[in-house]
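Data block below; observations after.
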Amino acid sequence: MRKKELTHACWEICTPQFVYNGPKSIHNLKHILQKESLERLFIIIDPKVAQTQFGKDIKNSLEGMQTFYWSEFTTNPTIEQAKKGTERLRAFQGDVLIAIGGGSAIDVAKIIGLFVVNHDSLSIDHTNETIHDNFLPFVAVPTTCGTGAECSPYAIIKDCSMVKKLAIESKSFIPKYVILDPDALQSLSQEMIAATGLDTTSHAIEVHISRQSTPLVRLSTCSALVFLGKYLEKGIYQKEPEALEVLQDIAFTTRLLYPRTGLSIAHGLSHPLGAYTDLHHGMLVGLVMPAALRFNAPACRALLDEAASLLGVPYTGPDGVAQWIEDILIKSTICDHIHKHFKGMEIPKKSIAKQAMESSSMCSNPRIIESYQEIQDILQQSLKLLEL
């Protein structure tokens, strides 16, 4: 009789080495640079953040140091933009990458760092430690409460030639230093807090219901969902400082989980939708999430009920979480924003669905997806919400 083989999840945990968090924690930036003896600062900063008081305070704090500020990238940064940034970095001879912004700023910083040591190529030989050994010192300062890119081994970059977003993985993409200062969120609009907060909420829910999730992971998602239910709307509609700090911390902690568990078709679909429409990722994943949850409900009903209970949503039944997200999309005016952006635009649903079918999120989606037609139906259901 053959001995039954046991299978267990085994994950390699990769995290930033140093994390500073809390109000005014940005004041640690100069200390970090001095401690590491870094002198030529290549700073990738979101152009909107650069105009805020938070951005101006950073510039003032670094006065007297050799700095180069670069902001020539868009909401969905492209390979071409990253190459231009790489040229600027080489010409400046920067000795550190500092990314200040949301996922766009942090992701394009990662690709620039990769291009510097990998001869402008996205191809990575993971058995070769040269890239990791030579990657520039990297500091990330997230200014949203969404992607968690500051602790992710992935970078998302748009390839315009294929109208496709690529996910590039490298341990080198995890910054040595992360500064989580909730003061950075005070300048965000209600709409943007909602968009990035819904991205974080989607991460927590998708990890909780993932086909590859475990009780160990759900210990963390349960806590995240409780705090999201308590603070998400306070952060969006009232900008309570405590709420914004909690949301930023949840964005960081939930992002540590899903490189191991994977996400769902909501993220698998929102990435190609973003590649074709150039709209903010958080808005799109929020738009797609309700229809994705309704599609997945038959395969994870008990976990969705648990999520609804933890969030404390004001609705009962398996549709509770989906309805709660839809209410936020409408009340925060995200639906209006997407509707205006999509006006007159032809959305290639079939092409988007086919790209989503190739997503790594397919493996972790709670319900097995049989064809891209099912994905196209999810997209169609999501777009119907814009008619409200």
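We did not get these values from a lab; they are worked out from the coordinates using the rules stated. Just so it is clear, the model here is predicted, and its values are computed rather than measured. Positions of Cβ are generated from backbone atoms using ideal geometry, with glycine treated the same way; all protein chains shown enter the neighbour counts.
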If you take the square roots of the eigenvalues of the alpha-carbon gyration tensor of the stretch 190-387 and sort them as a ≥ b ≥ c, do you get rounded (a/c under 1.5), prolate (a/b over b/c) or oblate? oblate
If one computes the Cα centroid of the stretch 106-122 and of the stretch 40-85, what distance in Å separates the two points? 16
Looking at the stretch 133-208, what % of its DSSP beta bridges pair antiparallel, to the nearest 5? 75
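Of all DSSP beta bridges located in the chain, what percent are antiparallel, nearest 5?
Details: 6 of 28 bridges.
Here the antiparallel bridges make up roughly 20 percent for the chain.
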If one computes the Cα centroid of the stretch 241-313 and of the stretch 164-211, what distance in Å separates the two points? 10
Let me know the Kirkwood hydrodynamic radius for the chain, please, with Cα pairs as the basis and the value in Å to one decimal. 21.2
Two-site label geometry, Arg301 and Val117: point separation in nm, points 7 Å out along Cα→Cβ: 5.0
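Let me have the relative contact order for the stretch 190-387, percent, based on Cα pairs under 8 Å that are six or more residues apart. Before the final figure, lay out the partial values.
On the way: 279 pairs, mean separation 58.8, N = 198.
With pairs under 8 Å counted, the relative contact order is 30 percent.
Among rounded, prolate and oblate, which fits the stretch 242-347 when a ≥ b ≥ c are the square roots of the eigenvalues of its C-alpha gyration tensor, a/c under 1.5 means rounded, and a/b larger than b/c means prolate? It would help to have the intermediate numbers written out before the result.
Values: a/c = 1.44, a/b = 1.34, b/c = 1.07.
The shape class here is rounded.
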Which value at 222 nm does the chain reach when only helices count, each DSSP H run of 4 or more adding -39,500 (n - 2.57), with the total divided by all residues and rounded to the nearest 500 deg cm²/dmol? -16500 deg cm²/dmol
Too long for a 27 Å Cα-Cα cut-off, among Lys59/Lys343; Lys158/Lys343; Lys110/Lys349; Lys48/Lys83; Lys158/Lys349, are Lys59/Lys343; Lys110/Lys349
According to a simple spin-label model (label point 7 Å from Cα along Cα-to-Cβ), what is the distance in nm between Ser189 and His27? 3.2
Restricting the count to DSSP beta bridges whose residues both fall in the stretch 18-185, what percent are antiparallel, rounded to a multiple of 5? 20
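Over the chain, what is the relative contact order in whole percent, taking alpha-carbon pairs under 8 Å and six or more residues apart?
Computed over the chain, the figure is 16 percent.
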With a 10 Å Cβ neighbour count serving as the proxy for reagent exposure, in which order, fewest first, do Cys335, Cys14 appear? Cys14, Cys335
Which of Lys230, Lys158, Lys110 moves most in a GNM of the chain, Cα contacts under 10 Å? Lys230
Taking 0.36 nm per residue of separation and subtracting the Cα-Cα distance, what length does fully extending Lys171 through Cys363 add? 66.9 nm
If one builds a Gaussian network model of the chain from Cα atoms under 10 Å apart, the most fluctuating residue listed among Leu232, Leu273, Leu303 is Leu303
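What FRET efficiency, computed as 1/(1 + (r/R0)^6) with R0 = 41 Å and r the Cβ-Cβ distance, is obtained for Cys222 and Glu370, rounded to the nearest 0.05?
Numbers: r = 31 Å, r/R0 = 0.75.
FRET efficiency, Cys222 to Glu370: 0.85.
Given Cα pairs under 8 Å that are at least 6 residues apart, what percent is the relative contact order of the stretch 24-114? If you can, show how the numbers build up before the last one.
Working: 107 pairs, mean separation 35.9, N = 91.
Averaging sequence separation for qualifying contacts and normalising by length gives 39 percent for the stretch 24-114.
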For the chain, with a Gaussian network of springs between Cα atoms less than 10 Å apart, report the residue from Met362, Met289, Met345 with the top mean-square fluctuation. Met345
How high is the FRET efficiency from Asn60 to Arg40, r the C-beta distance, R0 22 Å, rounded to 0.05? 0.70
Potential extension, Glu240-Ile124 segment - 0.36 nm per residue separation minus Cα distance: 37.5 nm
